[in-house]
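Peer 1: Below are the structure tokens for one structure; questions will follow.
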Amino acid sequence: MTWKNPVDRWGAISQLLHWSIVVLLTAIAVLGLYMVDLPNSPDKIKLYSLHKSLGLTLLGLLLLRIGWRVYAGAPHPVAGTPAWQERIATATHAAMYVLMFALPVSGWVLNSAAGYPLQWFGLFNLPRIVANDAELHELAESLHEAGFWLLLALVLAHAGAAFYHHLFQHDATLTRMLPRRRAPPSDAPENRHVV
Ligand code: HEM
Ligand code: HEM
């Protein structure tokens, strides 16, 4: 198993960070969309707290991921991918990084501007990053929501492109972000040679 990124595929740490962020982001988004329409109740407050704690966890994982990306680099582009596709992919990845950062930060701003407390899974308090401000609260809330829909659109295009490469271009774009399949045992039929 490779930890750093070799030239032809993503290493184990990059894969772990990519896929755990996919799972976490899905949970945060489903929770966010569900909780806002609930009538006021203690359960609603608990779900809001969970949403915020998971969102802050994502922010931490994202910082780790960016640090690891700078340290471990990226594999070379998949052979045969046209330069224009590479450019679109790079721009999409950059935009997704920016939005993954902007969403928790706008959430933190809207929470602070409304004067709500912020805790991480009830374990410790986080500071307010802005003072009470109704206008800023509205603005941050709109950005939080619009940013989410924009991220969703990019993610759908990104995942669609990965599956397109796999199913129609038959290249390694998708498989190099997945764990390597175990090599078959040396006496498996595909390894027997006719002498
Ligand atoms: C990547 C992380 C995050 C994602 C993807 C996300 C996503 C969402 C979504 C989809 C909504 C529902 C928007 C709507 O339909 O009105 C929402 C609402 C909300 N989020 Fe987040 N969120 C994230 C992080 C955070 C964080 C870290 C906080 C607070 C520190 C936060 C605070 C809130 C609050 C207070 C609302 C409710 C706003 C309202 O009542 O209209 N979010 N979020
Ligand atoms: C089912 C959903 C997804 C699939 C199939 C998928 C697949 C992939 C693949 C195959 C790569 C490597 C591309 C290459 O080697 O050139 C990649 C990279 C990347 N993915 Fe995803 N992905 C998914 C969801 C997401 C989500 C939800 C996000 C974040 C919002 C995301 C953010 C990224 C980023 C930023 C990169 C670039 C990594 C870098 O260059 O640092 N992906 N994804």
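Peer 1: Hey, what number do you get for the chain at 222 nm if only DSSP H runs of n ≥ 4 count, each worth -39500 (n - 2.57), divided across all residues, to the nearest 500?
Peer 2: Values: 4 runs with 117 residues, N = 195.
Rounded to the nearest 500, it is -21500 deg cm²/dmol.
Peer 1: Further question on the same structure: What's the longest bit of the chain with no exposed trypsin sites (Lys or Arg not before Pro), using DSSP loop states and at most 15 other Cβ atoms within 10 Å as the test?
Peer 2: Values: sites that count: Lys4, Arg180, Arg181, Arg182, Arg192.
Result for the longest clean stretch: 5-179.
Peer 1: Just flag the chymotrypsin sites (Phe, Trp or Tyr not before Pro) in the range 53-148 sitting in loop per DSSP whose Cβ has no more than 13 other Cβ atoms within 10 Å. Write down the numbers at each step before the final one.
Peer 2: Working: sites: Trp68, Tyr71, Trp84, Tyr97, Phe101, Trp108, Trp120, Phe121, Phe124, Phe148; in loops: Phe121.
Passing both the DSSP loop test and the Cβ count: Phe121.
Peer 1: Evaluate Rg over Rh across the range 49-195, taking Cα atoms for both radii and Kirkwood's formula for Rh.
Peer 2: On the way: Rg = 21.5 Å, Rh = 18.8 Å.
Reported Rg/Rh (Cα atoms, Kirkwood Rh): 1.15.
Peer 1: Taking R0 as 22 Å, what FRET efficiency do you get between Phe101 and Phe163 from their Cβ-Cβ distance, rounded to the nearest 0.05? Display every interim value, and only then the final one.
Peer 2: On the way: r = 26 Å, r/R0 = 1.18.
It comes out at approximately 0.25.
Peer 1: Still on this model: Per residue, what accessible area does the range 12-178 have, given a 1.4 Å probe and all protein chains present, in Å²? Can you show the working numbers first?
Peer 2: Numbers: 10120 Å² over 167 residues.
On a per-residue basis, the range 12-178 sits at 61 Å².
Peer 1: Next question. In a shell of Cβ-Cβ distance under 11 Å around Ala12, excluding Ala12 itself, what net charge do Lys and Arg (+1) and Asp and Glu (-1) give? Don't jump to the answer; show the numbers that get you there.
Peer 2: Working: positive: Lys4, Arg9, Arg180; negative: none.
Neighbourhood net charge equals +3.
Peer 1: Here is a further query. Hey, any idea what % of the range 12-178's accessible area is carbon plus sulfur with a 1.4 Å probe?
Peer 2: Values: 7290 of 10120 Å².
Of all accessible area on the range 12-178, carbon and sulfur atoms account for 72 percent.
Peer 1: Can I ask one more? Can you give me the relative contact order of the range 12-178 as a percent, contacts being Cα pairs under 8 Å and 6 or more apart?
Peer 2: Details: 125 pairs, mean separation 34.3, N = 167.
Computed over the range 12-178, the figure is 21 percent.
Peer 1: Going 7 Å from the Cα of Asp8 in the Cα-to-Cβ direction, what parts of the range 69-91 have a backbone nitrogen less than 18 Å from that spot?
Peer 2: 74-81
Peer 1: Okay, moving on. Projecting each Cα onto the charge dipole of the range 28-159 (Lys/Arg +1, Asp/Glu -1 at the beta carbon, about the Cα centre), which of Gly73, Pro39, Phe121 comes out farthest on the positive side?
Peer 2: Looking along the dipole axis, the top candidate is Gly73.
The values are calculated or read from the model by the stated rules, or taken from the named source; none is laboratory data. What you see is a predicted model; the values in this text were computed from it and never measured. Note that each Cβ is placed from the backbone with ideal geometry, even for glycine, and that neighbours are counted across all protein chains shown. Remember, those area values only see protein heavy atoms, side chains included, never the ligands or the DNA or RNA. Shrake-Rupley method; radii C 1.70, N 1.55, O 1.52, S 1.80 Å.
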